[in-house]
Amino acid sequence: MRSENIPYNYICVEGNIGAGKTSLASRLAEDFNGKLILEQFEDNPFLPKFYQDQSKYAFPLELSFLASRYQQVKDQLSTMDLFKSFIVSDYFIDKSLIFAHKTLLDDEFRLFKRLFNIIISTVPKPDLLIYLYVDIKRLQHNIRYRGRTYEQSIEDSYLEKIQSGYLDYLRQLSETRILLLDTNNIDFVGNQKDYEKVLCHICKDYDPGIYRIVF
C-alpha cells in the first residue's frame, strides 16, 4: 500500500483495554510511512495501585494520565516530521474524560471535567477516529495473552463499564469522522487478509458521523 492511500493527516485508534489499538496504529505507521504516537502508560506509578484499590487511586490516576497525554500530544503534534506522510496515535486524548466519568465519584468528576475542558481546546482533533469494538470475552483473552501482571485482575464489569462509556461518548461527536470496526471475527494482527479488509475501510474518505463496519 502507498502512503497516499490514507486520506487523513491525523488518525487516532481507540478501543477498550486489550482491543488491539497499539497493534493497528503501529502497523499503519509502518506500512504507510506515518509518524507514530504511542501512549506512555508503563511508567505510571498509580496504574498497578488502581487495579488493587480503584476508589483510592482513581483520581490521581486519571489526573496523571490527563497530564501525560496532554503533554505528549502537544509536543508530538507541534513538530510534524517532514519525512512522514501523516500522524497516527494509539489513543484519543478524550479517553481521559471517558475513563474519568466511569471511575470517579460525582464531585471528583465535575472537577476533572473542568480541568479537561480548560486544556482540550488547545489540542487538535483527529481527522479520523477509529474505534475497535471487541466483546468482553475476547478482550479478556487478549489481556491474558499479553500478560501484564497488573491487568490480570480486571473484571468483566469494569470492561463493560468502559465499553459503554466509549460508545455513549462517540454518539455525541457529530462533527468527527468515526470508523467503528467490529473486529470480533477477524484477526488483523495474524491474518494478512483480515488486515487488508480493515485497510480497505480506513483508506476511504468519510463525512463526519459514525460508520459501523461488521466483518
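Which residue, I162, I202, I120, has the most motion in a Gaussian network model of the chain that connects Cα atoms within less than 10 Å?
Of I162, I202, I120, the most mobile in the Gaussian network model is I120.
Take every Cα-Cα distance within the range 112-215, group them into 10 Å bins from 0 onward, and report for each bin the whole-number percent of pairs it holds.
Result, from short to long distances: 12, 35, 35, 17, 1 percent.
As an exercise, identify the trypsin sites (Lys or Arg not before Pro) in the range 124-182 lying in DSSP coil whose Cβ has no more than 10 other Cβ atoms within 10 Å.
R171
Which residue fluctuates the most in the chain, going by a Gaussian network model with Cα springs under 10 Å, if the choices are Q52, Q172, Q140?
In this elastic network of the chain, the residue with the biggest mean-square fluctuation among Q52, Q172, Q140 is Q172.
Hey, what angle do you get for helix 156-170 against the long axis of the chain, alpha-carbon based, 0 to 90 degrees rounded to 10?
With rounding to tens, the tilt is 60 degrees.
Whole-Hz ³J(HN,Hα) for each residue in the range 124-131, computed from phi via Karplus 6.51 cos²θ - 1.76 cosθ + 1.60 with θ = phi - 60°, x for glycine and proline: what do you get?
x, 8, x, 6, 9, 10, 9, 10
For n ≥ 4 DSSP H runs only, could you compute -39500 (n - 2.57) per run for the chain, divide by its residues and tell me the 222 nm figure to the nearest 500?
Roughly -15500 deg cm²/dmol at 222 nm, from the helical runs in the chain.
Quote the FRET efficiency, to the nearest 0.05, computed for I186 versus E160 with a Förster distance R0 of 30 Å and r equal to the Cβ-Cβ distance.
Numbers: r = 22 Å, r/R0 = 0.73.
The value I calculate is 0.85.
Compute a Gaussian network model of the chain, connecting alpha carbons closer than 10 Å, and tell me which residue from K197, K95, K125 fluctuates the most.
Of the options given, K197 has the highest mean-square fluctuation.
Kirkwood hydrodynamic radius of the range 53-160 from all distinct Cα pairs, in Å?
16.0
Test of understanding: what is the full-extension gain from L111 to D75, defined as 0.36 nm times their sequence separation minus their Cα-Cα distance?
So the chain would gain 10.4 nm between L111 and D75.
Could you give each residue of the range 134-143 its phi-based ³J(HN,Hα) in whole Hz, using Karplus coefficients 6.51, -1.76, 1.60 with θ = phi - 60°, and x for Gly or Pro?
Result, ordered by residue: 9, 6, 5, 4, 6, 4, 4, 4, 5, 5 Hz.
With the Cα gyration tensor of the range 31-74 in hand, give its eigenvalues times 5 under a square root as the equivalent ellipsoid semi-axes, listed largest first in whole angstrom.
27, 12, 7
What chymotrypsin sites (Phe, Trp or Tyr not before Pro) does the range 15-46 have in DSSP loop regions with at most 14 other beta carbons within 10 Å?
F41
Just the Cα atoms of the range 3-214: what Rg and Dmax do they give in Å?
Spelled out, the Cα radius of gyration and Dmax of the range 3-214 are 16.7, 48 Å.
Determine the relative contact order of the range 1-119: mean sequence separation of Cα pairs under 8 Å and six or more apart, normalised by residue count, in whole percent.
The normalised contact order for the range 1-119 reaches 37 percent.
As an exercise, identify the GluC sites (Glu not before Pro) in the range 4-81 lying in DSSP coil whose Cβ has no more than 14 other Cβ atoms within 10 Å.
E42
Quick note: the coordinates plus some simple rules give every number you see, no bench work behind them. Owing to the predicted nature of the structure, the values given are computational and were not obtained by experimental measurement. We place every Cβ from the backbone using ideal geometry, glycine too, and count neighbours over all the protein chains shown.
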